[in-house]
Amino acid sequence: MCEEIPNPKKNIPLGILAQMTTGSISTFCFYTALLYAVTDLTAVFDTTIVALPLAAMFQQAVRSNGGTFGLLFLFYIDTILNLPGGYITAGRMLWTLARDDATPFSPWIKHVSPRWRNPFNAQLVCGLCVTVLGAIYVGNATAFTAFVGSFTIFTTWSYCCAILPHLLSGRKHLRPGPFWMPPAVAYTLGGVACSYILVFNIIYMFPYVYPVDVTAMNYACVMTGGCTILLTFWYLYKRSNGYEGPKVALNGHNDILTGLVGLSAEEEKRRRRSSFVGAQ
């Protein structure tokens, strides 16, 4: 998606900063108010609304079923508005991996639809995967919880895999950009972030209670370990069988905007102008 906006080296970090800032402030205010409103935390843990314990907290906060419904309805609207963005992001990430020949059936997945002018096949695969996960929830809520629980672990590990190698190599493979951090700041923030991820991801895989039984087991450790083993074998296979890596110039044949990586601003403007004239 970064390829479809102007000046992504500057605008993408600014967008992430805006998202993290507004999200952190609003989340802090929301949960501070909510925790002050809770009068019986034990009742929240023992609630029969196991699918969404937040409802039990709303009940204590507003002391009204109607008010609880109103707050949950706002929560529902927020979820509906955020789902399309997450779905599109997942499809574009899958398309990017397929474009580098890093996924199964990559020639089909990386295809850009001339009719819809987007990576329709990649979005279709994501839709099928989401449907399967929904079916798992209907059949076995414990298995679905294991999938969801491993999401945070895999996401934060992906951050660590992006940060830690550059710290260990002294950032010699990075090209300075508009928001280049001085070494003291970069190593301090990167080191704290990686340490936090490595320590807390282990804690996230601990069982919820002790002694451990089948119902109280945290199966996120099973999902994380199993998927890591499968992905490791896939990486060892693909690194010498077809993986090409990102291209310097990514041409979508006018089905999408042309993506440019590592080119100068003048070259980018010239290519965009040529693409526009050709489209006309």
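Numbers for the structure displayed
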| read-out | value |
| --- | --- |
| First in the range 192-218 and in contact (Cβ under 8 Å) with a residue 12 or more places away in the chain and assigned to a loop (DSSP other than H, G, I, E, B), second anywhere and surrounded by 12 or more Cβ atoms within 10 Å (Cβ to Cβ) and of a type outside the set (D, E, K, R), Cβ under 6 Å, 6 or more apart | Met205/Ala220; Met205/Cys221; Asn218/Pro207 |
| Any hit, the range 171-179, residues being surrounded by 14 or more Cβ atoms within 10 Å (Cβ to Cβ) and not in a loop (DSSP other than H, G, I, E, B) | no |
| Residue match in the range 121-128 (condition: more than 30 Å from Leu34 (Cα to Cα), part of a helix (DSSP H, G or I) and touching a Pro at 6+ places or on another chain (Cβ under 9 Å)) | no |
| Residue list for the range 26-57, filter: assigned to a helix (DSSP H, G or I) and within 27 Å of Thr215 (Cα to Cα) | Leu41, Thr42, Ala43, Val44, Phe45, Leu54, Ala55, Ala56, Met57 |
| Of all residues making up the range 78-105, the number that are hydroxyl-bearing (Ser, Thr, Tyr), in contact (Cβ under 8 Å) with a residue 60 or more places away in the chain and crowded, with 19+ Cβ neighbours inside 10 Å | 0 |
| Test: residue in the range 49-65 that is under 19 Å from Gly127 (Cα atoms), exposed (fewer than 12 other Cβ atoms within 10 Å of the Cβ) and β-branched (Val, Ile, Thr) | no |
| Of residues in the range 219-241 being of a type in the set (A, V, I, L, M) and touching a residue at least 24 places away in the same chain (Cβ under 8 Å), the one nearest to Val148 (Cα to Cα) | Ala220 |
| Among the candidates Leu236, Leu257, residue that is modelled with pLDDT of 85 or more, more than 20 Å from Arg175 (Cβ to Cβ) and of a type outside the set (Ser, Thr, Tyr) | Leu236 |
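The values are calculated or read from the model by the stated rules, or taken from the named source; none is laboratory data. Since the model is a prediction, treat every value here as computed from it, not as a measurement. Virtual Cβ from ideal backbone geometry, glycine too; neighbours counted across all protein chains shown.
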